[in-house]
1. Calculated from DSSP H runs of 4 or more alone, at -39500 (n - 2.57) each and per residue, what is the 222 nm mean residue ellipticity of the chain, nearest 500?
2. For residue 322, what residues show an amide H to amide H distance below 5 Å, using hydrogens built from the backbone and excluding near sequence neighbours?
3. State the Cα centre-to-centre distance between segment 520-546 and segment 342-379 in whole Å.
4. Mind checking segment 88-171 for GluC sites (Glu not before Pro) that DSSP puts in a loop (not H, G, I, E or B) and that have at most 10 other Cβ atoms within 10 Å?
5. From Cα coordinates alone, what are the radius of gyration and Dmax values for the chain in angstrom?
6. Taking only the alpha-carbon atoms of segment 67-139, what semi-axes of the equivalent ellipsoid follow from 5 times the gyration tensor eigenvalues under a square root, in whole Å, largest first?
7. Between segment 434-498 and segment 97-173, what is the separation of their alpha carbon centroids in Å?
8. When a footprinting reagent is the concern and you count Cβ atoms within 10 Å, what order do 481, 173 take, fewest first?
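Taken together, the values in this text are just the output of simple stated rules run on the coordinates, not laboratory data. Just so it is clear, the structure is predicted and the values come from calculations on it, not from any experiment. As a convention, Cβ positions derive from the backbone with ideal geometry for all residues, glycine included, and neighbour counts pool all protein chains shown.
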Amino acid sequence: MPKTFFITTAIYYTNSSPHVGHAYEMVLADVIARYHRLKGEKVFFLTGVDQHGQKVQQSAAKAGIAPAEFVKDITQKFADLGKKLDVRYDEWAETISERHKKVVRGILQRLFDEGQIYKDKQSGYYSVRQEQFLTDKERGSDGQFGPEWGEIEFREEENYYFKLSQHKDWLSHYLNSRADAVIPDFRQTELRNAVEKISGDLCISRPKSRLDWGIELPFDKDFVTYVWFDALTNYISFAGYDPNATAVATGLRPVGLESLGTAHRAVATSEFDAQPQEFRDKWPALQIIGKDILVPAHGIYWLIMLHAIGFPEDQMPQLLVHGWWNLGGAKMSKSAGNIVDPVVLADKYGAEAVRYYLMSDINTGKDADFSEERLVERYNVDLANSLGNLLNRTLTMAQQYRQGRLSNVEVPLANIRFLEDVANLNVSAYTKALGSHEISKGLEQAAALAGQCNVAIDAERPWTLAKKDDRQVDLAAILYHLSESLRIIAILVSPVLPKAAHGMFDQLNWKMELSGKEQRFSLADAEWGRLPEGHVVGKPTPLFPRIEIGEGV
Ligand code: MSP
């Protein structure tokens with residue numbers, strides 16, 4: 001059976017409403033998922049929400065309601081955002097679900113039984129805002145803790161710790177042996193440097209007296225697990241991972257094994273094989289995360305957690321790290337008070353305009369500055385003026401001069417014939433770009449083909465050819481080339497603009513039996529010449545009406 005392409009986003013904190021940064025990550029994953037479906041692959045796309053933790057408990061207290069009630073409302077907002085932006089996921093993760101809690105507890109119990117989790121007392125300065133103990137490393141040059149740590153207090157507390165530092169050499173080795181463990185490259189370098197600095201172990205609990213909105217530790221009812229063991233586990237708990245289906249259960253591995261040498265790793269491969277087929281068909285995933293949660297959360301804690309529970313190196317997920325949408329140079333975030341509401345944007349301009357902007361105006365991995373003016377400008381220039389106009393002109397001329405009937409004649413004009421070569425080049429550059437998750441570069445290829453078509457129309461002026469009896473072959477050739485280019489452009493933009501791509505296919509009267517269904521789009525169809533001789537195209541209806549400045553902005 002062919003392997004399923006598994007893609008995840010981070011899960012979103014349910015302490016406040018979604019903003020454009022969250023919308024971006026969801027759409028980016030959706031576009032990559034749709035691209036893989038376009039290639040004919042089976043896809044499993046997981047996204048969802050991170051519902052436990054201090055911030056949620058605090059926000060709920062502020063709102064005067066129980067955390068469970070509080071997260072319900074915000075969870076719904078994230079689900080609605082997905083719907084609004086046409087994000088087609090296969091599974092929705094909610095960390096308060098029993099299914100998830102069972103897996104988290106199973107993993108914790110196992111690591112505890114193996115001696116990888118232990119209890120210890122810590123005392124020192126604690127940042128309430130960042131929810132962590134501070135060391136001298138966090139002091140500024142003046143010897144003080146900076147304002148980024150917020151209120152600082154002295155604390156003494158017993159907690160449970162995971163033996164993180166024990167796996168440091170393994171992680172270094174893994175990152176040195178796999179060049180594309182993290183994309184882009186410079187993020188892998190950043191992670192490698194961070195791994196060198198791993199010193200202590202990871203605190204994984206909070207006493208219930210301080211935080212009770214969390215998953216209770218299976219071996220101590222006075223504690224809940226804190227943040228990362230809960231949140232990160234979602235990636236496997238919602239994909240069918242079974243914490244009990246280990247080699248321990250199958251008798252391959254003794255409980256209590258503490259040394260993690262080569263022998264352990266050899267056995268661990270079999271442990272992974274003990275997982276249900278449903279899980280092994282999907283895993284490992286391509287995991288999309290923002291740059292703020294690579295180090296230490298995903299790059300260190302997550303990879304080490306997986307290793308500790310027996311995932312071999314060839315089953316490590318790949319991390320695709322994207323940049324931030326900033327507003328006025330600062331990261332968009334609720335606490336900074338500079339958020340843009342994606343639902344408001346979608347209501348104003350339409351989901352596809354928002355999707356197009358978020359995918360075309362940022363390079364994957366880099367930051368970008370959000371601007372509503374740019375959103376309108378890109379839509380008007382690329383979609384309304386160029387692509388929309390091309391579709392409209394082509395179909396209007398096809399109707400007017402040939403009752404919509406196309407003819408794939410030999411092409412005497414070089415100006416027209418070359419559109420076939422341009423399209424082929426665009427398709428291959430597009431495939432390369434999307435294969436490396438560079439969506440904006442892929443969209444540039446579709447835009448370039450539309451641009452060349454418009455140039456060809458202006459150069460050959462079909463309306464003058466239509467008047468001359470001896471130019472009817474040229475006229476037929478240009479109309480065929482334009483329609484064929486439009487069909488290919490529709491396929492290329494379909495992961496980003498699924499509705500518009502359907503609209504284009506409908507107007508081209510192409511694959512009507514699959515109208516509205518995603519299976520209608522296939523990358524294999526982006527081959528030149530698939531519109532058959534005598535195909536009749538439909539009538540034009542404006543797909544991308546111009547946004548008039550002043551209307552929205
Ligand atoms: N809940 C944790 C992640 C747990 S994953 C097991 C979390 N949540 S978050 O809501 O704060 O962020 C979720 C994702 O949104 C992260 O990948 C983060 O980088 C991304 N974004 C949040 N703000 C962003 C921008 N302004 N721009 C782009 N993405 C950003 O962290």
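1. Value at 222 nm, helices only, nearest 500: -13000 deg cm²/dmol.
2. Under 5 Å from the amide H of residue 322 lie the amide H atoms of 289, 290, 291, each far enough along the sequence or on another chain.
3. Taking the Cα centre of segment 342-379 as reference, the centre of segment 520-546 is 26 Å away.
4. Counting only loop positions with at most 10 other Cβ atoms within 10 Å, the GluC sites (Glu not before Pro) in segment 88-171 are 151.
5. Calculated on Cα positions, Rg and Dmax stand at 27.2, 93 Å.
6. Equivalent ellipsoid semi-axes, largest first: 33, 22, 12 Å.
7. Between the Cα centre of segment 434-498 and that of segment 97-173, the gap is 57 Å.
8. Values: 481 28, 173 12.
Exposure proxy ranking, most exposed first: 173, 481.
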